[in-house]
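Data block below; observations after.
The values are calculated or read from the model by the stated rules, or taken from the named source; none is laboratory data. Quick caveat, the model's predicted, so the values are computed rather than measured. Every residue, glycine among them, receives a Cβ derived from its backbone with ideal geometry; neighbour counts consider all protein chains shown. Calculation scope for accessible area: heavy atoms of the full protein, side chains included, ligands and nucleic acids excluded. Shrake-Rupley method; radii C 1.70, N 1.55, O 1.52, S 1.80 Å.
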Amino acid sequence: MSRPSLAVDFPQAHQRFMATIQMESQLDVARIRTDFPILHQNDDEGQPLVYLDNAASSQRPQSVIDCLSDVYQRYYANVHRGGHRLSSESTELYEASRRAAQRFIGARSDNEVIFTSGTTMGINLVARSWGDANLAAGDEILLTEMEHHSNLVPWHQLAERTGATIRAIPVTGEGLLDLDYLPRLLSERTKIVALCAVSNVLGTINPVEQVVEAAHAVGAKVLVDAAQAVPHEAIDVTKWDADFVAFSAHKMLGPSGVGILYGKEELLDAMPPFLGGGSMIDHVAIDHFTPAMLPSKFEAGTPPIADAIALKPAIEYLEKVGLSQILQHEQSLAAYAHDLLASIPGLRFLGPSVTEKAGIVSFTIDGLAASDVAAFVDGHGIAVREGHHCTLPLHKKLGISASVRASFYLYNTREEVQKLADSVKTTVAFFG
């Protein structure tokens, strides 16, 4: 079977893109970098760190680091449970962070903002709670071929529990969703559509509103994996009209171990609790219990208190810089990377042109293992990702087992992109 073409019409796309954005970012990147202590280090060989693995996890500014330290030194106590000063202060900070997240994504109420351990937990919560209550044999779950395993496996498990069927929107050879299939895939049997807003491999920015509108027309709900979108562009969940949206703090300058699940309040109200234990109850007897009101109903046990509190300064940092400027900066770096890497023999880009994707550049090089490329550039102090990036079905569709991924964020520079390109060229020359 022939492999789908991964090539794009780079010169024409590049010219169109550069006609619409300035090559030089409007961000004061040099000043921004002073806020990130981890970036100012050298490896054992004296090479300065070039961190290009932001799609996996971002770094943290000093304000987030200070907030974590401050909580543990001055405010830490369990939230919502104590009658003492520390508990009251921690609770107020915890809820202030929830309100910041509500504002950041445009939710109508803070009852619609659930703290989770991350995107994976948020998707599992919906699959277990809403899915178990609403799906049965013969129903259908519509996914896409570009989904992260976190937005595949929970739905596979739901299908196994209920007898529902999995279907998927295909990905074209250019790395876009083939929405011509959408009318054929959606029907009254479709109960939920789950898709990523931005692909973590291809960088493709998906038309969320278009998919939501089509899904709602047949009565289906929609969950959006926004892990690669929320850190990089302004999101309005009300405008999307998505029923559920999940994302993680660690990809948006915040701590690891905490994330957000947004759900429309009427849906969350009707859903049974996912986990049982402390905090999520209103009343407990030996033979029954009554769950708490939102959002506590879905926050069983002791939450990641300090991490949740430290999400607020991460959000404030992104708001201060400006999401539109961040996206433009990342796209300009992606365009520059395409420009520099395009001449390397055997290198093929994955995904669409730079006009249709975020700041992610994934590629393969004929005859070279992705692991060898990543290890070689790591020797030059450059951190990139290699492997299947938790998207085995997508890599199988593309006819490859692994790829190299460079992903950019607000603190990356053109000079770092140049170093990456030089290192990849040296890698190709070294391996012949």
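Phe349: accessible area at probe 1.4 Å, nearest 10 Å²?
20 Å²
How much solvent-accessible surface does Lys239 expose, in Å² to the nearest 10, with a 1.4 Å probe and all protein chains in place?
140 Å²
What residues have an amide H closer than 5 Å to that of Ala168, excluding those fewer than 5 places away on the same chain, when H is modeled at 1.01 Å from N in the peptide plane?
The list, which skips near neighbours in sequence, is Leu143.
Can you put Cys196, Cys67, Cys390 in order of accessible area, largest first, using a 1.4 Å probe? Don't jump to the answer; show the numbers that get you there.
Values: Cys196 5, Cys67 25, Cys390 55 Å².
Result of the area sort, largest leading: Cys390, Cys67, Cys196.
In degrees, nearest 10, range 0 to 90: what is the angle between the Cα axis of helix 311-321 and the longest Cα principal axis of the chain?
In the chain, helix 311-321 runs at an angle near 50 degrees to the longest axis.
Would you rank Phe298, Phe376 by solvent-accessible area, highest first, keeping every protein chain in place and using a 1.4 Å probe? Intermediate results must be reported in sequence, preceding the final value.
Values: Phe298 20, Phe376 45 Å².
So the residues, ranked largest to smallest area, are Phe376, Phe298.
Counting only protein heavy atoms, what percent of the accessible surface of the stretch 62-119 is carbon or sulfur at a 1.4 Å probe? Could you put the intermediate results ahead of the total?
Numbers: 1380 of 2790 Å².
Of the solvent-accessible surface of the stretch 62-119, carbon and sulfur hold 49 percent.
Summing +1 for each Lys or Arg and -1 for each Asp or Glu, what net charge is found among the other residues whose Cβ lies under 11 Å from the Cβ of Pro37? Walk me through the intermediate numbers first.
Working: positive: Arg33, Arg60; negative: Asp35, Asp66.
With Lys, Arg at +1 and Asp, Glu at -1, the neighbours total 0.
Give the accessible area for Asp110 in Å² (nearest 10); use a 1.4 Å probe, count only protein heavy atoms, and leave out ligands, DNA and RNA.
So the heavy atoms of Asp110 present about 50 Å² to solvent.
Can you give the accessible area per residue of the chain, in Å², using a 1.4 Å probe?
Numbers: 17550 Å² over 432 residues.
Result: 41 Å² per residue.
Using 0.36 nm per residue of separation minus the Cα-Cα distance, give me the extension gain between Ala96 and Asp241 in nm, one decimal. Each step should come with its number before you reach the end.
Numbers: separation 145, 0.36 × 145 = 52.20 nm, distance 2.45 nm.
Taking Ala96 through Asp241 to full extension adds about 49.8 nm, to one decimal.
For Ile281, what residues show an amide H to amide H distance below 5 Å, using hydrogens built from the backbone and excluding near sequence neighbours?
Counting only residues 5 or more places away or on other chains, the set is Ala292.
Tell me the relative contact order for the stretch 60-119 as a rounded percent, counting alpha carbon contacts under 8 Å between residues six or more apart. Don't skip to the end; give the middle numbers.
Values: 36 pairs, mean separation 11.0, N = 60.
Reported as a whole number, the value is 18 percent.
Largest first, how would Asp236, Asp35 line up by accessible area (1.4 Å probe)?
Numbers: Asp236 65, Asp35 40 Å².
From most accessible down to least: Asp236, Asp35.
Tell me, what ³J(HN,Hα) does each residue in the stretch 219-229 have, in order and in whole Hz, if you take phi through Karplus 6.51 cos²θ - 1.76 cosθ + 1.60 with θ = phi - 60° and put x for Gly and Pro?
3J(HN,Hα) across the stretch 219-229, in whole Hz: x, 8, 8, 10, 10, 10, 7, 9, 4, 9, 9.
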